[in-house]
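Inspection log for the structure reproduced underneath, given as structure tokens.
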Amino acid sequence: MIIAIDGPAGSGKSSTAREVAKRTNSLYIDTGAMYRAVALFTIENGIDAHLEISESVLSHVHIRLEPSDSGVDVYLNGSNVNDKIRGSEVSELSSVVSSNRDVRNKMVSIQREMALECVNKGGSVVMEGRDIGTVVFPDAEFKFFLIADPKVRAQRRAVQLKEKGVPASEASLYQEIVDRDGRDESRELSPLKKAETAIEIDTSDLSFEEQVENIISVIKGNG
């Protein structure tokens with residue numbers, strides 16, 4: 001089966017998806033990390049992500065996801081970039097990158113290929129992103145849409161950064177989140193939106209365990 005988990009940045013979908021995949025013995029595919037890897041590539045190669053990402057540029061971008069103890073390791077052209085793709089500059093630029101048609105076409109193709117290869121071998125997939133239930137796998141057996149108050153999401157992000165020793169301003173993070181939501185929801189190509197059949201979960205006041213259990217219970221038929 002394919003389990004689609006969508007939602008805006010900071011809603012808790014990545015950590016929740018990793019744990020759901022672990023508990024259901026499923027392959028975890030972090031699609032957001034793939035767009036972040038493309039954003040990192042443009043930064044490291046001096047490419048203007050607003051103008052210059054073409055099919056010829058993308059021919060030099062090779063992304064691979066490998067299962068790991070932390071959920072998934074992201075490789076860009078053979079190098080593990082897990083830490084590099086989590087910075088603020090990459091985060092902000094990834095929503096610009098993801099609005100590029102050529103980028104989306106390539107990433108969606110890779111995502112479908114990875115998922116279908118797993119399913120065809122009898123496995124299950126937990127895939128999270130912005131448009132999994134609406135575009136990538138609209139026929140997914142289970143669809144969830146996680147949301148949370150922007151202030152709560154900013155607080156969570158600040159805690160994550162401080163745990164890594166990175167200074168963080170909740171006010172700045174809040175504005176980044178609001179701006180990114182606006183870009184993701186208004187973009188012409190695959191905008192962030194809830195699939196009609198998706199189950200919405202507001203994680204603002206939920207513990208991590210409650211987020212996970214809400215999804216697991218639906219998958220097991222108890223939701």
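Gly182: surrounded by fewer than 19 Cβ atoms within 10 Å (Cβ to Cβ), modelled with pLDDT under 95, in contact with a strand residue (DSSP E or B) (Cβ under 8 Å, 6 or more places away or on another chain) and not basic (Lys, Arg), yes or no?
Taking the combined requirement at face value, the residue does not satisfy it.
Yes or no: Leu76 more than 16 Å from Gly12 (Cα to Cα), crowded, with 19+ Cβ neighbours inside 10 Å, touching a strand residue (DSSP E or B) at 6+ places or on another chain (Cβ under 7 Å) and not β-branched (Val, Ile, Thr)?
Yes.
On the given criteria, is Gln111 of a type in the set (S, T, N, Q), in contact (Cβ under 8 Å) with a residue 24 or more places away in the chain and either closer than 22 Å to Glu185 by Cα or assigned to a loop (DSSP other than H, G, I, E, B) (or both)?
So Gln111 fits the description; yes.
Pairs only if they're at least six apart or on different chains, beta carbon under 7 angstrom, first in segment 11-27 and under 18 Å from Cys118 (Cα atoms) and among the charged types (D, E, K, R), second surrounded by fewer than 18 Cβ atoms within 10 Å (Cβ to Cβ) and modelled with pLDDT under 95; list them, first residue then second.
none
Can you list the helices (runs of 4 or more DSSP H) lying wholly within segment 2-97 that have 1 or more residues being under 13 Å from the mean Cα position of the chain (by Cα)?
Passing ranges, in order: 13-23, 31-44, 88-97.
Enumerate the pairs (first residue in segment 58-81 and under 19 Å from Ser109 (Cα atoms); second residue anywhere and part of a strand (DSSP E or B) and among the basic types (Lys, Arg)) with beta-carbon separation below 7 Å, excluding pairs fewer than 6 apart on the same chain, so at least 6 apart or on different chains.
Tyr75/Arg64
Scan Glu196, Glu209 and give me the residue that is among the acidic types (Asp, Glu), loosely packed, with under 14 Cβ neighbours inside 10 Å and not in a helix (DSSP H, G or I).
Criteria check complete, one pass: Glu196.
The values are calculated or read from the model by the stated rules, or taken from the named source; none is laboratory data. It should be emphasised that the depicted structure is a prediction, and the values quoted were computed from it without experimental measurement. For neighbour counting, all protein chains shown are included, and Cβ atoms are generated from backbone atoms with ideal geometry for every residue, glycine included.
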